[in-house]
Every structure is written in structure tokens, then in C-alpha cells.
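Down below is the structure, laid out as C-alpha cells.
Just so it is clear, none of the values below were taken in a lab; they were calculated from the coordinates. All values derive from a computational prediction rather than experimental measurement. Virtual Cβ from ideal backbone geometry, glycine too; neighbours counted across all protein chains shown.
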């Protein structure tokens, strides 16, 4: 099984619980092998319910309507093909894996997001993945605002088998991350993954703190951080889109990870964010295990949404 097919199968197995928008049988939209008049409206409704957002839904459905009017959608196979193409037009440009160049050492990653989004878990999984790829990793416990955050990140560092630098709850976050980058420079470590306080995007003083951390770290490397990644909860719907927009405006995001896609029958927020911001989607989280963090593959994601030959289904 190719990596692409493996991702498709895993995604559908993890997400498709019950009659979600992902499990909807497109064959139902046909009567006597003719596309029903209300087929596009049904797709539109299901996309909106799935938190795909008005902008992405409108683009997808306008495209499908044009294809129907042009006579290019007469069969279920053609509907699958055109829907997949329309999905890829939105998410395809966002499929950009996180690449850590060997000539930047340490490569500094800030990980932001609100409490409960899966930020700490994502950091642990990223560290394990990078270590498996042969990179040395140091975690920086910069979320000193929440008492349990350092403890949780320490647990993940042990699971991933990578070191962690922490100063305990209440320490200055910028100081912790500065020390981590300085230590990584001294030890020749490849990557520093810095946790930051789980904050609400509406708390401007906490956004100011993120900007302060950036300024402090740039005393060691003028180009750091090299990645500013936001972790958003795939079950959060419109709130996830709002978080992404406001974090991006405040601190300038360079990448996204969408978590908990296995915990929702919706999952369309990825489309909403891709359409609004067109930011690189680095990873998707599909479970709690340490290896349940997959590089985002737009082709496989679209395939999983529409079904098809990769899953042994008839076209």
C-alpha cells in the first residue's frame, strides 16, 4: 500500500463514523442514473453543516453547478471526479510539508494555540517523528502559564525520547525559550520545538507576549522562529477559523496543524481555513497514539472525502 493509499484508508477509518458528510453516498444524488435537480443543494447543505465555511462551500458548489450546466457531470463517477478536482483547487496549494533544512541549526519552531486544541500532544508527536527521521530535538516548555503544561510536555518528551528544557510554572516564557535556543546552539541540536502558553486569541496581552518571545529569541538568531505553527481543533468549527485568522493577524503564522479529525463527523474546517488564509497545512492529527500525526496530503484527503478506487470502491 502506497503512502497515499495508506493515508486515505486511515483517514476514512478514523473519521467516518456514522452518516457524516464524508460517508455520504454520492450515488444517492442520482435517480435512474440522472443527477437529481437538488443534488448540488444537498452537497451545499452538508458542507455547511460540516463547518466547511461559506466561502469554500460557495466556491465548490458554484464549480459543480457550472460543470453540470456544461454537461460534464452525468454519472456518479463524473461527480466524484469533479468534486475531487474542486476540493483540490482549495486545499491543494496548502499541502506543504514542514521541511527542516540542514543548514539552519537550530531550526526554531514556535507552537501556538488555545488550551485544549492538542498543542502539547502535537509537539510530542512532532518530536517523535523528527527523531525517527534522524534529527536531534530539544523541547522548550514555554507554556509556564498553566500549571500542568510543563508536566504534560515532560511526559511527552519522555515518550518521544527527546530532552526538554523547563523552568517550572510561573517562569518567564521568553526566558525559557531563549535558554532552550541557546542550549541547542551550544549542543549542535537540529530542532527546538517551543511550546507557548495556551491562550485565547482574544487576549491581546497574551498575543503581545508571543511577540515578545519572538523579539527575545531573535537576539540569538535574527531569522527565528523559522516556523510559527498554530494548532487548531478540528472539532471547533467556526471558532477554529476565527482563531486562525486572529493568530495570523497578530503573529504571522507560517503553518497549521489540524487535530482531532478522528473525533468529528464534520472536519470541514480545514476547507474553511484553507480558503480564507491559504496557509500551509503541515500535519493532521488522527488519534492519540504517538504516530497518529500525519503529513497533510491534499490528494489523499480529497480522495478520502469523495471515496473511490484507492479504497476499492467502484467509480
Expressed in nanometres to one decimal, the distance between label points 7 Å along Cα→Cβ at residue 99 and residue 74 is 4.4
Using only the Cα atoms, work out Rg/Rh for segment 221-263, with Rh taken as the Kirkwood radius, to two decimals.
1.06
Describe numerically, in nm with one decimal, the distance between label points set 7 Å from Cα along Cα→Cβ at residue 218 and at residue 179.
2.4
Rank by packing, highest mean first: peptides 118-127, 93-102, 45-54, with packing defined as the count of other Cβ atoms within 10 Å averaged across residues.
118-127, 45-54, 93-102
Take the Cα gyration tensor of segment 139-244, multiply each eigenvalue by 5, square-root it, and list the three semi-axes largest first, rounded to whole angstrom.
23, 17, 14
Fully extended contour minus Cα-Cα distance, from residue 55 to residue 290, at 0.36 nm per residue
81.2 nm
Quick check for you: which residues of segment 277-309 have the amide N under 12 Å from the point 7 Å beyond the Cα of residue 66 toward its beta carbon?
none
Sorted peptide list for 83-90, 281-288, criterion being average Cβ within 10 angstrom, highest first:
281-288, 83-90
